[in-house]
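A.B. asks: Please read through the structure below; I'll follow up with questions.
The values are calculated or read from the model by the stated rules, or taken from the named source; none is laboratory data. Please read these numbers as outputs of a predicted model, since none were measured by experiment. Here the Cβ positions follow ideal geometry from the backbone for every residue, glycine too, while neighbour counts run over all protein chains shown. With ligands, DNA and RNA removed, areas are computed over all heavy atoms of the protein, side chains included. Shrake-Rupley method; radii C 1.70, N 1.55, O 1.52, S 1.80 Å.
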Amino acid sequence: MSSVSGLATTPPPTPPQPAPSHRRSARSREGASLPWRYLGYVGYYVGAGLISGAVVHHPMDPTRYSIIAGSGVLVFLVATVLNDIVLATEKPALSRMVRVLGTSTMLSFGLGMLSGGMQHFADLPDRCAVLIPLGIVLSFVAYFLKEDKRPWRRIFGLMGLAVLIVTALTFAGLRHIAPTMAEGAGGGHSHSDVETEKGSDQGPEGDHGTGTGTAGPTSEPTPPAKDTRPSEEPGHEDGHSH
């Protein structure tokens, strides 16, 4: 009985604790990586911001905004490589790297569509009514493909069904509101009237209107119109008298 009681009261062995030097080195490495992680997060938001503006304004100048969107994707991918590959505690395999880069590209466009559509819905309601639902679906699919080990169960499960319902309701609601927003967008930041606003500063002959900074050309007094009737000879002032 004594041996049994002795075994029962023996405490379990405690796991070995890391040495203080190891803890200090881990904290120092984590502190040294914080500035780089900050740059990575700045890249996330700057890249998504560039894409959000480009996807909304793309029809106005396709070449210009395609370059802006490509720059945003590049910035977002650099931030992804920095945070998820370079600063990762465990270096991912090559297949994982390819998956991270591909899904990050999808995620950047999804977030850009969502944020840009919400920001400019009052200006371009018809276009943004499509961009916002697309952004919801694309960002949801891209995030779980990137982060979840078994993404298809969530994408095609109850969570995916809930996102699909929310997206359909959002699209229907925005399409219903869009005509009223388009009618009341005359006094707002309308992107469709940019050329009209530029042309309003010029007159019908191309002259700039008078403003506070520049004075328009002064108009000379118009001389009185000359009488176009045939001149009467002296002595004929009274009509038929000779």
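A.B. asks: Can you give the accessible area of Phe171 in Å² (nearest 10), computed on protein heavy atoms with a 1.4 Å probe?
C.D. replies: 90
A.B. asks: Moving on to the next point. How large a share of the accessible area of the range 58-121, in percent, is made up of carbon and sulfur atoms when the probe is 1.4 Å and the other protein chains stay in place?
C.D. replies: On the way: 2460 of 3460 Å².
Ligands and nucleic acids excluded, carbon and sulfur give 71 percent.
A.B. asks: Packing-wise, with mean Cβ within 10 Å as the measure, how do 75-87, 35-47 rank, highest first?
C.D. replies: Details: 75-87: 18.6, 35-47: 15.2.
In decreasing order of mean packing, 75-87, 35-47 become 75-87, 35-47.
A.B. asks: Based on the Cβ-Cβ distance from Ile177 to Met60, what FRET efficiency comes out when R0 is 22 Å, to the nearest 0.05?
C.D. replies: Using R0 = 22 Å, I get an efficiency of 0.45.
A.B. asks: Could I have the simple spin-label model distance between Val98 and Trp36, label points 7 Å from Cα toward Cβ, reported in nm to one decimal?
C.D. replies: Reported label-point gap for Val98 and Trp36 is 2.5 nm.
A.B. asks: Provide the per residue accessible area, probe 1.4 Å, for the range 38-126, rounded to a whole number of square angstrom.
C.D. replies: About 51 Å² of surface per residue is accessible.
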